[in-house]
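The values are calculated or read from the model by the stated rules, or taken from the named source; none is laboratory data. The shown structure was predicted, so the numbers you read here are calculated from the model rather than taken from an experiment. Every residue, glycine among them, receives a Cβ derived from its backbone with ideal geometry; neighbour counts consider all protein chains shown. In case anyone asks, the SASA skips ligands and DNA or RNA and just uses the protein heavy atoms, side chains included. Shrake-Rupley method; radii C 1.70, N 1.55, O 1.52, S 1.80 Å.
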Amino acid sequence: MDAIKLYPIRKIFMSWLKDVVVDILATSVIIATVLTSNIFLNGLVWGYTGLLLFVKLLVYFGDGFRNMMNKAKTSAPDWFTHLLYATNTAVLFYFQWWYAGAGWGIIWLISYLTQKKIDQK
């Protein structure tokens, strides 16, 4: 009987969970990288950080790209994205990956500012 009551909650949770799989994977890779110092994962973290920073800057400063982001809005709650970005930033700073941590802090800030711009329209 309890499973029947939980079905709508489970359905909502699963619908937004699929939208953040890449973000969860990125956080997992960052944690694995700082703990293992694997050279492949190291390159993956730096590459993804640089790519994501570039895309976030492009979206923030380009109106056409911002419209694409508005259409691609996920069903995940905003707090979850903030939690993942905060985790990435904190883990990188804690393990003294200063530049990558600063990159994720900037990614987090630009994401917040972009969402505020989208919400104002």
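Looking for something at pLDDT 90 or above, part of a helix (DSSP H, G or I) and either open to solvent by less than 70 Å² (accessible area, probe 1.4 Å) or touching a Leu at 6+ places or on another chain (Cβ under 6 Å) (or both) - is there at least one such residue anywhere in the stretch 3-19? Within the stretch 3-19, none of the residues are at pLDDT 90 or above, part of a helix (DSSP H, G or I) and either open to solvent by less than 70 Å² (accessible area, probe 1.4 Å) or touching a Leu at 6+ places or on another chain (Cβ under 6 Å) (or both). Look through the stretch 88-121, keep the residues that are surrounded by 15 or more Cβ atoms within 10 Å (Cβ to Cβ), of a type outside the set (A, V, I, L, M, F, W, C) and under 21 Å from G47 (Cβ atoms), and return whichever of them is modelled with the lowest pLDDT. Within the stretch 88-121, the match that is modelled with the lowest pLDDT is S111.
Is at least one residue of the stretch 63-85 aliphatic (A, V, I, L, M), assigned to a helix (DSSP H, G or I) and at pLDDT 90 or above?
Keep residues of the stretch 63-85 that are aliphatic (A, V, I, L, M), which gives 68-69, 72, 76, 83-84.
Among the residues that remain, those that are also assigned to a helix (DSSP H, G or I) are: 68-69, 83-84.
Add one more test, that the residue is at pLDDT 90 or above, and what stays is 83-84.
Yes, the conditions are met somewhere in the stretch 63-85.
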